[in-house]
1. Considering the convex hull of the alpha carbon atoms of region 5-65, report its projected area averaged over all viewing directions, in nm², one decimal.
2. Let me have the 222 nm mean residue ellipticity of the chain computed from DSSP H runs of 4+ only, each contributing -39500 (n - 2.57), with the sum over all residues rounded to the nearest 500.
3. For the chain, with only Lys/Arg (+1) and Asp/Glu (-1) charged at the beta-carbon, what is the dipole magnitude about the Cα centre, in debye rounded to 20?
4. For a Förster distance of 25 Å, can you work out the FRET efficiency between the beta-carbons of Arg65 and Leu21, rounded to the nearest 0.05?
5. For helix 34-65, what angle does its Cα long axis make with the longest principal axis of the chain, in degrees from 0 to 90 and rounded to 10?
Amino acid sequence: MSQPWYVSHAETIAQNVIGLLCGFVILQAYGITPSTTLKVQGTFFVVAYVRSYCIRRTFDRLGRRK
């Protein structure tokens, strides 16, 4: 059964938000300023979101072919 696109978005966002929280704590532990941390995290969030969503949808399509 195919996963609806909105479920893929919800899962991708949940994964990335948890990753952002982990990354924020790690960057703070290394003494990086909150301003810089937020900029870096914002960039990584966008890239990770697009990557995760595209990979999820690609595998979903491949799974439907079988």
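We did not get these values from a lab; they are worked out from the coordinates using the rules stated. Since this is a predicted model, take the numbers as computed values, not measurements. Counting neighbours? That spans all protein chains shown, and the Cβs are built from the backbone with ideal geometry, glycine included.
1. Average of the hull's projected areas for region 5-65 equals 4.2 nm².
2. Rounded to the nearest 500, it is -31000 deg cm²/dmol.
3. Value, rounded to 20: 420 debye.
4. My answer for the efficiency is 0.10.
5. Result, in degrees: 10.
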